[in-house]
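The values are calculated or read from the model by the stated rules, or taken from the named source; none is laboratory data. Since the structure is predicted, the reported quantities are computational estimates derived from the model, not experimental observations. All Cβ positions, glycine included, derive from the backbone under ideal geometry; neighbour counts span all protein chains shown. For the accessible areas, the whole protein counts, side chains as well, though only heavy atoms, and no ligand, DNA or RNA atoms are used. Shrake-Rupley method; radii C 1.70, N 1.55, O 1.52, S 1.80 Å.
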Amino acid sequence: MRRFIAFKLFGGFLVIIFLNLFLFIIVDKTQDLTSISNILKYQNEIKNTLLHLRGLHNNQDLIAYSFENVGIHESIDNFRDVNHEIQFKLATLEVCVDSLRFYDSLLMNNYSTSANHSYSKHIKNLAEYNDFYNVLFDSLVSVRNSAQDYTSQRLSYPALMKDIGKKLNTELDSALISIDKLNVFYIGKMENRIKNVSRVTILIFTGMTLFSILFGFLFSRAITNSLRRLKESANSVAKGDFNINPFGYPKDEIGDLATAFFNMAVELRNAQDELVRSKRMAAIGEIVASINHEINNPLMIISGNAQFLELSMEDYPEIMKDRVRAIIFEAERISKVTKKLREIKNPVTKDYTSNGEQMINLDGSV
């Protein structure tokens, strides 16, 4: 199966992108940090609200004391205004606690869940004590406005209000202590989350870096090794050595380049062989022309004179005639040899001696 370099690079980048998916682990952990920070924000808001409630209740105490001793009717309106503000703060506390429950449900902490339940209990108690405190103040107002009852009951209602006020302050203190404990708990949890995020971030980026380095090293090494082999083969071809190994290259663009290079080397070798053959044939042609010129002319004279002698030796002994005929035969044989030399197109050699010397086979060369 052919694998292109672009596909290899794309595959490597896909792996790197896949490793980036591990960053979602960091995102998930940072979401926990976001939830914790929101919880700390709402707890701080609850704490400020509770402190504000303490101040408002202290104002109610002063207003109630002032009304009890002086009886100014404007104090009643001031008390009602402060009470409305306290009711609003208690409603705000319930909203904050609901938000705490939501963010805490994302973290699934048993400890903080029980603490949120304690928050609800504190707010409920604060609301009940505040309502009872307001009932007592209304009773005090009613008694204060009734002259016959005020003398006998003026001491009982302030004592009850003071007792309820202590309970309300105690409930506020308990709620503030719970907030401080939860703040310590969540701050420690945030520190642990930050350490985990840092550790996971280092591990993920270290893995990505090592993979990128390894992938880059192996990929570049595979390419450079193949190119180095091609360079060495090119140097061999430049020196006239066409016996190079075409195997062992990757099946990609570099493999295609190597195949094209080896095909070129084969064509160069064939062209060189053809050039050598052409030069060889040219040299043989020159030799043949020289032989024809230097041998055929004397050979014609020898053959002609021998034929003349043969016609003139009717009275000569037969042995003399045989010798003249031998001269004519060998002259014709030499003439056939020169004719074959002129007809050579593809010279074929054969062993001439046992020492390995070669000669052209005139019968086999066509």
With the 1.4 Å probe rolled over protein heavy atoms, the stretch 254-302 has an accessible area per residue in Å² of 68 Å²
A 1.4 Å probe over the protein heavy atoms gives the stretch 56-107 a carbon and sulfur accessible-area percentage of 55 percent
Highest mean packing first, using Cβ neighbours within 10 angstrom, the peptides 317-328, 72-83 sort as 72-83, 317-328
